[in-house]
Amino acid sequence: MVKQNRYVMAFVNVLTHDHILRHKRRGIHPWKIKGMIYELRIYHAMPGRLPALLSRFQNHTLQIWEKHGIRQAGFWTTLIGESESNQLTYLLAWDSVAEREERWNAFLADPEWIATKTESEKNGLLVQNIRNELLAPTAFSSVK
């Protein structure tokens, strides 16, 4: 399972890198964005596994993030919508794309995180899929 997770994370990093290269070709340089950027992450939990995912975040992940300087800007479950029974949405706040890459990669490699993830998934995967996007506030946004 650890080998599979490494492949998934390598694929996610390649996707992120490909998105950055596409933006650079269009004249948009993510590392030159002024001000905060936010990362929107949407997790679709395996059926019946959302409570275990929420518990892992609350009791373990947030403490590991704190160690790596990862700042959360909010967590939500879906009240009304397509995935109301198995979706977790959250925002992370970053000073730059470079900071995101450095801190997120350090988190993913952290032995405490790897052990926590392995232990929490001993009875099966918690997450079906993850969608993430890096967002830059508009000039008129109340969030900067």
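Every number in this text was worked out from the coordinates using simple rules, so none of it is lab data. Note that the structure is a prediction, hence the values are computed from the model and not measured. Note that each Cβ is placed from the backbone with ideal geometry, even for glycine, and that neighbours are counted across all protein chains shown.
Key figures for this structure:
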| quantity | calculated |
| --- | --- |
| Separation of alpha-carbon centers, the range 55-72 and the range 122-144, rounded to whole Å | 15 Å |
| Taking the range 33-135 and dividing mean pair separation by its residue count, relative contact order in percent (alpha carbons under 8 Å, at least six apart) | 49 percent |
| Whether the range 88-138 is rounded, prolate or oblate, judged on the alpha carbon gyration tensor where a/c under 1.5 counts as rounded | oblate |
| Stokes-Einstein diffusion coefficient of the range 33-135, Kirkwood radius over Cα pairs, 20 °C, 1.002 mPa s, in µm²/s | 149 µm²/s |
| Segment THR138-GLU99, length gained on full extension (0.36 nm per residue, minus Cα span) | 12.0 nm |
| GLU84-LYS67 pseudo-label distance in nm [points 7 Å out on the Cα-to-Cβ vector] | 3.8 nm |
| Long-range amide H partners of MET46 with built H, under 5 Å | VAL127, GLN128 |
